[in-house]
Amino acid sequence: MYASTVRGLLVRGMLAGLIAGLFAFAVAYVVGEPPVRGSIAVEEAQAAKDAAGAPSAHAGHGGDAASGEAAEEEEELVSRPVQSTFGLATGVLVYGVALGGIASLAFSFAFGRVGGFSPRATAALTGAGAFALVYLVPFLKYPATPPAVGNPDTIGQRTTLFFLMILLSVLLGVGAIILGRRLAPRLGNWNATLAAAGGFIVATALAFAVLPDNSDAVQPGFPAALLWEFRVASLAVQLVLWAVFAIVFGVLAQRLLAARAEGTEATAPAQQEAPALG
């Protein structure tokens, strides 16, 4: 019975993630695409300025042909209209389904173990915790930046640091939950929660101090207002994603668990009334 319930929650979590992804895509397209287009325009203007100021080493010796070959090499494999529509939708929906499934498994573990909350309240706590641990805490250390803004030579290092921060944030969050549960019998639920939260903040601050900064994540001279708009849009996309997931999954989980509870209650009297064999 437990395995079938977890499987049902997993399917509903992925469905809720898909629905949340649709809302997140709408926000990303309406709010996020304008600063992305603006950052690309800044990059193109800077590239044109650099090209105009740089002398051609092939002038008079096939310079036009070399320029044509370079332009062909830099031609995008996928056009911007496709990237901003189908590409963006595919990425956000896959992201939503994957994280929705993972969050549903976290819900399955937390339900009934972290306080006597209802399925909807547990789903809300799961969504809020996932938003904080998976995005908000790493975002505070390594804020999102528009594409082609930072040094391309360090993109691998910056990506590694960001995912390392996500891993540390999740591990520290799980550790804080375990610490709070162990302290609860001695300190009480409220004091144990405060102690666990304080420990999480201190450990996160230490991680922020130890991990290196992204000093080259944004090129000098990039418009600060455009960077701010992109970061606010990125934050809004994640907030909408997890808020919608928590609401939809809470409703679906409530219905599933209520139906399973009714089935268990109906089966128990029948088993008690059945005559013993032999």
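Nothing in this text is a laboratory measurement; each read-out follows from the coordinates by a stated rule. From a predicted model like this one, the values you see are computed outputs, not experimental measurements. Every residue, glycine as well, gets a Cβ built from its backbone with ideal geometry; the counts of neighbours run over all protein chains shown.
If the chain between V174 and F117 were fully stretched, how many nm would it gain, using 0.36 nm times the residue separation less the Cα-Cα distance?
Computed gain between V174 and F117 is 18.7 nm.
Between F222 and L22, take the C-beta separation as r, use R0 = 35 Å, and let me know the FRET efficiency to the nearest 0.05.
Once rounded, the FRET efficiency stands at 0.65.
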